[in-house]
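Working notes, beginning with the structure itself.
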Amino acid sequence: MVTIFLLPFTVLAGFQATGGALPDTAAADSVSVSHFSIPIGIYRTGFSVGNSANWNGVRLNFRDAAIGTLNGLSMSLWKAKHARNRGAAIDGIALGLVGPEARTLRGINIGVGGPIAYDDMAGINIGGLGLLSEGELLGLTVGGLAAVSLGRTVGVSVAGLGVFARRGIDGITVGPLGVVSGGEVRGLSVGGLALVGDAAFKGLNVGGVGIFARGRVAGINAASIAIVGREQVLGFTAAGITVNGRGRVGGLTVAGVAVSSQEVVEGITVAGLRIDTPKLLGLAVSPFNRIRGEQRGIVVGLINSARELHGLQIGLLNRAGNNPGLLRWLPVFNFHR
């Protein structure tokens, strides 16, 4: 009986605390926005239905507009008036039929369409279609189609088609179509079609068709067709057709057709057709080994050619450009200290 008696006063106190139907002047763009709500609580805390600008507890609203800070459980049905919601901060559980939308989303963020953050999104982030963060995307992220971050993505990120991060990725990233990054990618990266980066891939990198990076590709790297590093390809690397690095290609490298570098191939290298490099350090095995400069180590193939040999060539025909006269071309093997 006491609770029923006090209920009207509690509701009234909530109206006074939240401003009732009056605009919340704390929001920069709220002058023409109604913050009408039906709150049950005091000091902006409790249960609220409507566009309450600032609230702690449970809040239900059709469409957010020019809100401030929400702590607790926030549920909305329709897409926010984003131009008037860029200053919002939602901490806790944010749910939306279309998707929660705010400057920052921290906690559990779920939308049938997808959550949108104009700054950072952190926590457990799930979008039926996808997710978008204009800042960092942190935590466990699942997008039905795509997960997009204009900052850096950190944590576990999985999307039905692909994951895109403008400033790089740290953690476990899986995109059945691909993973695309404008910054360095570190950790486990799996792209059903390809991994594409404007910087480096470091860690365990698997591209269904290929891995293409402007920086280095380093770690355990595998692709069915090609692995291309504009700088270096290092570690254990296996590709169905080709491995190519503008810089060093080193470690244990295996390709179905060719391995090439514009600088040096080092370590143990095996190719189904050819190895082509200005410099070789280590062991190379392929039908045709072309070392356009210095070879230090052992090559095994059908035809082996080195402009400057410091090691051993084993094959049907072997050329050592720094050997004299008839010793320059030899069958079976060629040698020079």
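What about Val58, is it at pLDDT 90 or above, assigned to a loop (DSSP other than H, G, I, E, B) and more than 22 Å from the chain's Cα centre (by Cα)? Spelling it out, it is not the case that Val58 is at pLDDT 90 or above, assigned to a loop (DSSP other than H, G, I, E, B) and more than 22 Å from the chain's Cα centre (by Cα).
Has the range 87-98 got any residue that is closer than 20 Å to Pro39 by Cα, touching a residue at least 40 places away in the same chain (Cβ under 8 Å) and out of contact with any Leu (no Cβ under 6 Å at 6 or more places or on another chain)? So far as the range 87-98 goes, no, none of its residues is closer than 20 Å to Pro39 by Cα, touching a residue at least 40 places away in the same chain (Cβ under 8 Å) and out of contact with any Leu (no Cβ under 6 Å at 6 or more places or on another chain). Restricting attention to the range 110-145, the residues being closer than 17 Å to Asn85 by Cβ and surrounded by fewer than 24 Cβ atoms within 10 Å (Cβ to Cβ) number 7. Which of the following residues is closer than 19 Å to Leu60 by Cα and modelled with pLDDT under 95: Ile116, Ile108? Exactly one of Ile116, Ile108 is closer than 19 Å to Leu60 by Cα and modelled with pLDDT under 95, namely Ile116. Which residue is surrounded by the fewest Cβ atoms within 10 Å (Cβ to Cβ), if the candidates are limited to the range 39-55 and must be in a loop (DSSP other than H, G, I, E, B) and in contact (Cβ under 8 Å) with a residue 24 or more places away in the chain? Checking each candidate, the answer is Tyr43. Is the range 130-140 home to any residue that is closer than 21 Å to Ala66 by Cα, outside any strand (DSSP E or B) and among the aliphatic types (A, V, I, L, M)? No - not one qualifying residue is present in the range 130-140. From the list Arg337, Arg274, Arg248, the lone residue that is surrounded by fewer than 16 Cβ atoms within 10 Å (Cβ to Cβ) and either among the charged types (D, E, K, R) or in contact (Cβ under 8 Å) with a residue 24 or more places away in the chain (or both) is Arg337. If I filter the range 221-230 for residues that are closer than 18 Å to Gly197 by Cα and at pLDDT below 95, do I get at least one hit? Yes: one or more hits. Among residues of the range 305-333 that are modelled with pLDDT under 95, none has a beta-carbon under 6 Å from a residue that is exposed (fewer than 14 other Cβ atoms within 10 Å of the Cβ) at least six positions away or on a different chain.
Scanning the range 20-52 for residues that are on the phi < 0 side of the Ramachandran plot, small (Gly, Ala, Ser) and modelled with pLDDT of 70 or more turns up Ser34, Ser37, Ser48, Ser52. Within the range 63-84, the only residue that satisfies the criterion of being touching an Asp or Glu at 6+ places or on another chain (Cβ under 7 Å), polar (S, T, N, Q) and crowded, with 23+ Cβ neighbours inside 10 Å is Ser76.
If you go through the range 96-107 and keep only what is more than 24 Å from Arg167 (Cβ to Cβ) and either surrounded by 20 or more Cβ atoms within 10 Å (Cβ to Cβ) or in contact with a Gly (Cβ under 6 Å, 6 or more places away or on another chain) (or both), you end up with Gly96, Val98. Within the range 194-212, restricting attention to residues that are outside any strand (DSSP E or B) and under 13 Å from the mean Cα position of the chain (by Cα), the residue that is nearest to Gly171 (Cα to Cα) is Ala200.
The values are calculated or read from the model by the stated rules, or taken from the named source; none is laboratory data. The structure displayed is predicted, hence computed values, not measured ones. Because the Cβ atoms are built from the backbone with ideal geometry, glycine has one as well, and the counts that use them run over all protein chains shown.
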